[in-house]
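Peer 1: First the structure, which I've put down as structure tokens, then a few questions once you've had a look.
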Amino acid sequence: MMVPFFNPQPMHDSIGSDLDNAWFATKKAGSFILGDKVAAFEQAFAAYCGASHCLGVANGLDAITLILRGLDLRADDEVIVPANTFIATWLAVTAAGARPVPVDCEDATGNISALAVEAAVTSRTKAVIAVHLYGCPADMDGLLDVSRRHGLFLVEDAAQAHGAFYQGRRIGSFGVASAFSFYPTKNLGALGDGGAVVSDDEKLIARIRLLRNYGSSTKYHHELAGVNSRLDELQAAFLLAKLPHLDAWNEERRAIVNIYDQAVDRCPGLRRVSVNNSSRPVWHLYTVRTRQRDLLARELTARGVSTMVHYPVPPHLQPAFNSLGYSRGGFPVAEEISVETLSLPIWPGMNDTEIKHVAESLVSAGQYL
Ligand SMILES: *Cc1c(COP(=O)(O)O)cnc(C)c1O
């Protein structure tokens, strides 16, 4: 039996006619950029997140970049970022012209702590980006507190956390603004690239609305040196068809995680991620940790189970960030996670046979660790 790492087909089959209609309706309407569908999706997604505004943009990286540009950062401004994240979190900071200042993550959760952030604050720090890695909310109470005390903007990279809760409130409404990605594998995925900025801050939203569209509100009149970063009308139509199912799809992910957790707990050589008590994760990724990660991956592959590593090289050790001058040993927990972590297959609509096969393969492969 072969289990892929991710398979969107069951999700798309279950709403097949809605997706087809989204395409037919968009084709018929003949408006493809910033039309009714984008506006309708922005309203629906803001309401879903419990925020007052949403702006559709081209992708998740642009969503973070545009938030930082909207906050008007300067060249020597510092933005605190997790050492343990997808590189987009850092690239957004450099794209906005500021300097990423990494902090190491907590060993148990993989997310950053308020304590680590506090230790990295300098007179140049302007913002903190919290990433809800794997779909597990970071400690927002602590991060909001440290941000308030130092007058920093708290930005959420929620690209893995659509629909997650922290203390009964949706992720996306805690910091000054939140960035989402609709990359096809994300919990809410488009059929192509897409992203969104969600915020309650009217001024910031007004600025990003200009920035995403050539810095222009009236055609051919440009107030800011903006970019072209818009959510396509067609992708917005697909996302509108998918959004009503997101909570049920996240619930399916949670049910799979319950089964995987039991399998992991039978393997003394395996660790799983700890979840903040007051949060309700949405499990974009299900990861385990072991010193013998590569052996586990080989054993699972031999049983037909596909795996991936998120992420094999932390941003501070990527050639792209050589100029920042970090080296091995700089952020030991993030580095250890990059060596130990392995992601297992998970998607809504995964069938019982597939789930059972992954769990059983994990238990049998786990005996070699
Ligand atoms: C996917 C992802 C992004 C970037 O989203 P794109 O739409 O691929 O640009 C940013 N941050 C995190 C944590 C992500 O997982």
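Peer 1: What residue, of Ser343, Ser361, Ser306, is more than 25 Å from the chain's Cα centre (by Cα), surrounded by 16 or more Cβ atoms within 10 Å (Cβ to Cβ), within 20 Å of Arg253 (Cβ to Cβ) and of a type in the set (Ser, Thr, Tyr)?
Peer 2: Working: Ser343 fails: more than 25 Å from the chain's Cα centre (by Cα); Ser306 fails: more than 25 Å from the chain's Cα centre (by Cα).
Every option except Ser361 fails the conditions.
Peer 1: I'm trying to understand the selection: among the residues of the stretch 165-190, which are over 24 Å from Asn276 (Cβ atoms), crowded, with 20+ Cβ neighbours inside 10 Å and not small (Gly, Ala, Ser)?
Peer 2: Result: Phe182, single match.
Peer 1: Moving on. Looking at the stretch 198-221, is at least one residue within 30 Å of Ser364 (Cα to Cα) and either more than 16 Å from the ligand (Cβ to nearest atom) or in contact (Cβ under 8 Å) with a residue 24 or more places away in the chain (or both)?
Peer 2: So in the stretch 198-221, the residues within 30 Å of Ser364 (Cα to Cα) come out as none.
No - not one qualifying residue is present in the stretch 198-221.
Peer 1: Tell me, which residue of the stretch 83-103 that is within 9 Å of the ligand (Cβ to nearest atom), β-branched (Val, Ile, Thr) and open to solvent by less than 30 Å² (accessible area, probe 1.4 Å) is farthest from His310 (Cα to Cα)?
Peer 2: Kept after step one, since they are within 9 Å of the ligand (Cβ to nearest atom), are these residues of the stretch 83-103: 85-89, 91-92.
Adding the requirement that they be β-branched (Val, Ile, Thr) leaves 85, 87, 89.
Subset that is open to solvent by less than 30 Å² (accessible area, probe 1.4 Å): 85, 89.
Numbers: Thr85: 8, Thr89: 14 Å.
Per the criteria, the residue is Thr89.
Peer 1: Name the residues in the stretch 241-265 that are under 15 Å from Gly16 (Cα atoms) and either without any contact (Cβ under 8 Å) to a residue 40 or more places away in the chain or among the small types (Gly, Ala, Ser) (or both), would you?
Peer 2: Residues satisfying the conditions are Ala241, Pro244.
Peer 1: Could I ask something else about it? Taking Leu133, is it open to solvent by less than 10 Å² (accessible area, probe 1.4 Å), of a type outside the set (Gly, Ala, Ser) and under 11 Å from the mean Cα position of the chain (by Cα)?
Peer 2: Yes.
Peer 1: Let me ask another. Condition (residue is hydrophobic (A, V, I, L, M, F, W, C), surrounded by fewer than 19 Cβ atoms within 10 Å (Cβ to Cβ) and touching a Phe, Trp or Tyr at 6+ places or on another chain (Cβ under 7 Å)) applied to the stretch 290-297: is it met by at least one residue? Spell out how you get there, then give the answer.
Peer 2: Residues of the stretch 290-297 hydrophobic (A, V, I, L, M, F, W, C): 295-297.
Those still in the list that are surrounded by fewer than 19 Cβ atoms within 10 Å (Cβ to Cβ) too: 295.
Pick out the ones that are also touching a Phe, Trp or Tyr at 6+ places or on another chain (Cβ under 7 Å) and you get 295.
Checking the stretch 290-297: at least one residue is hydrophobic (A, V, I, L, M, F, W, C), surrounded by fewer than 19 Cβ atoms within 10 Å (Cβ to Cβ) and touching a Phe, Trp or Tyr at 6+ places or on another chain (Cβ under 7 Å).
Peer 1: Of the residues that sit in the stretch 268-286 and are hydrophobic (A, V, I, L, M, F, W, C) and away from the ligand (no atom under 16 Å from the Cβ), which one is farthest from Val309 (Cα to Cα)?
Peer 2: In the first step, residues of the stretch 268-286 are kept if they are hydrophobic (A, V, I, L, M, F, W, C); the result is 270, 273, 275, 282-283, 285.
Imposing the further condition that a residue be away from the ligand (no atom under 16 Å from the Cβ) reduces the set to 270, 275.
Details: Leu270: 15, Val275: 20 Å.
Ranking the candidates gives Val275 first.
Peer 1: Here are the criteria: (1) within 30 Å of Ser364 (Cβ to Cβ); (2) touching a Pro at 6+ places or on another chain (Cβ under 7 Å); (3) of a type outside the set (Asp, Glu). Tell me which single one Asn276 does not satisfy.
Peer 2: Checking Asn276 against (1) within 30 Å of Ser364 (Cβ to Cβ); (2) touching a Pro at 6+ places or on another chain (Cβ under 7 Å); (3) of a type outside the set (Asp, Glu), the one that fails is (1).
Peer 1: To continue, here is another question. Which members of the stretch 14-54 meet the condition of being over 24 Å from the mean Cα position of the chain (by Cα), open to solvent by less than 60 Å² (accessible area, probe 1.4 Å) and not hydrophobic (A, V, I, L, M, F, W, C)?
Peer 2: Gly16, Thr26, Gly30, Ser31, Gly35
Peer 1: Follow-up question, since we're still on this one. Please tell me if Leu234 is farther than 17 Å from Asp157 by Cα, touching a Gly at 6+ places or on another chain (Cβ under 7 Å) and at pLDDT 95 or above. Break it down stepwise before answering.
Peer 2: Values: farther than 17 Å from Asp157 by Cα: yes; touching a Gly at 6+ places or on another chain (Cβ under 7 Å): no; at pLDDT 95 or above: yes.
Answer is no for this residue.
Peer 1: Of all residues in the stretch 55-82 being surrounded by 24 or more Cβ atoms within 10 Å (Cβ to Cβ), more than 15 Å from the chain's Cα centre (by Cα) and of a type outside the set (Val, Ile, Thr), which is farthest from the ligand (Cβ to nearest atom)?
Peer 2: Among those that are surrounded by 24 or more Cβ atoms within 10 Å (Cβ to Cβ), more than 15 Å from the chain's Cα centre (by Cα) and of a type outside the set (Val, Ile, Thr), it is Gly70.
The values are calculated or read from the model by the stated rules, or taken from the named source; none is laboratory data. Worth saying up front: this structure is predicted, and the values here are computed from it rather than measured. Every residue, glycine among them, receives a Cβ derived from its backbone with ideal geometry; neighbour counts consider all protein chains shown. The accessibility values were calculated without ligands, DNA or RNA, using every heavy atom of the protein model including side chains. Shrake-Rupley method; radii C 1.70, N 1.55, O 1.52, S 1.80 Å.
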